[in-house]
Amino acid sequence: MASDQPLRDLPTAASLSRAEQLAAAVEQRVRDDRLEPGSPIGTIDDLQQASGYSRPTVSEAVRLLRDRGVVHIKPGRGGGLFVAERGPVVRLRHTLLSVTEEPTTVVEAIELRDHLELLIDLGAARCRSEVDIADLRALVAQMGEAPDWSSFMASNWALHERIAAISPNTMARAVYVSTLGHLTGSSASYAEDADAPAYRAERHQVHADLVEAIASGEEDRVRAAVERHHTPS
């Protein structure tokens, strides 16, 4: 990896397991060095040497990184760990560079929110009213008119919270909104490439399509819209 600072010296929360600390350190190194998708990170042996941790601990950290979409693993000669292609969820996580909460809390909030997205959106599609749809369309328009990335994301969170308010599943709604609280309550700066006009335009269209799918009340259309919401552009 590009930086000379040992992985074990990077700051991580003491409450995390060693595997979680190592995974967080690798994620931080990917962010700090702005490694592009496909960039080599090293091998398990490299990570073991850099961290000083046991092989089982390093293997668990690699599993966490793979499950979070941070790395992909190439087996065989010339293989190892490489920076994964970044879908919307991973890309969002990479833009949250400094937060008031532990980075792992933000990661977990994003992952949990994503797992609940389909349930929330299907419920909204079944129960939406004309007033609800008008509100959602106004929030999408607000996203499109946002002058900067911070305003764009604030409108994004507001849109998802308004969708959740329509869902009849009170327990899922409460958990979903609590994950938004972790994200909107974070004090974050954003990576420069996250504000790329093409990326913002694509994410705006994805959310516009999601709102129109909810407005249609068609389950298959909502499922397709949620899938696009989670799929790399």
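No lab work stands behind these numbers, since they all come straight from the coordinates. These figures come from a predicted structure and were not determined experimentally. Please note: Cβ atoms are built from the backbone with ideal geometry, for glycine as well, and neighbour counts cover all protein chains shown.
Label-to-label distance, VAL131 versus TYR199, with points set 7 angstrom from Cα along the beta-carbon direction: 3.8 nm. Considering only alpha-carbon pairs that sit under 8 angstrom and 6 or more positions apart, the relative contact order computed for region 7-85 is 34 percent. Segment ASP32..SER17, full-extension length gain: 3.2 nm, with 0.36 nm per residue of separation and the alpha-carbon distance subtracted. Segment GLU212..ASP148, full-extension length gain: 20.6 nm, with 0.36 nm per residue of separation and the alpha-carbon distance subtracted. The calculated FRET efficiency for the pair GLU219 and ALA165, based on their C-beta separation and a Förster distance of 22 Å, comes to about 0.65. The three principal axes of the Cα atoms in region 135-182 give end-to-end lengths of 35, 23, 7 Å, sorted in falling order. Along its first, second and third principal axes, ordered by size, region 7-85 spans 33, 25, 20 Å in Cα coordinates.
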